[in-house]
Amino acid sequence: MSEEVGARKPDRALFAAVEATGFRVARAVMLGDQPLVDIHGGKRAGMTAAWINRRAETYPQELLPPDFEAADLVEAIRHIQQQAGLP
């Protein structure tokens, strides 16, 4: 999709193109390990963002912070399930 739109994360144009399909970006969760392109970009687009921090790094203070941090995808998915009240 990024090639079709002519934009890449964290460019808002990419997320606007997703919303043009009828999908509400605000209902999505961005799972990513790249603070700038995944987390900061997702937050700027209005998404919930989860930082997958596999190396226990310090998050850059100059960027929009993640809504939550997880050590891996399994932990992130469990967190989302808990927040949604799923087993």
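Residues in region 54-62: is at least one under 15 Å from the mean Cα position of the chain (by Cα) and at pLDDT below 95? Looking for residues that are under 15 Å from the mean Cα position of the chain (by Cα) and at pLDDT below 95, one finds none in region 54-62, hence no.
To keep it simple, each residue is scored yes or no on (1) small (Gly, Ala, Ser); (2) without any contact (Cβ under 8 Å) to a residue 24 or more places away in the chain.
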position: Asp38; (1), (2): no, no
position: Met47; (1), (2): no, no
position: Ile52; (1), (2): no, no
position: Tyr59; (1), (2): no, no
position: Ala71; (1), (2): yes, yes
position: Ile80; (1), (2): no, no
position: Pro87; (1), (2): no, yes
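Taking the condition farther than 24 Å from Asp11 by Cα, touching an Asp or Glu at 6+ places or on another chain (Cβ under 7 Å) and at pLDDT 95 or above, does Arg78 pass? Judged against the criteria, Arg78 is not a match.
The values are calculated or read from the model by the stated rules, or taken from the named source; none is laboratory data. These figures come from a predicted structure and were not determined experimentally. A quick note on method: Cβ atoms are made from the backbone with ideal geometry, for glycine too, and the neighbour counts reach across all protein chains shown.
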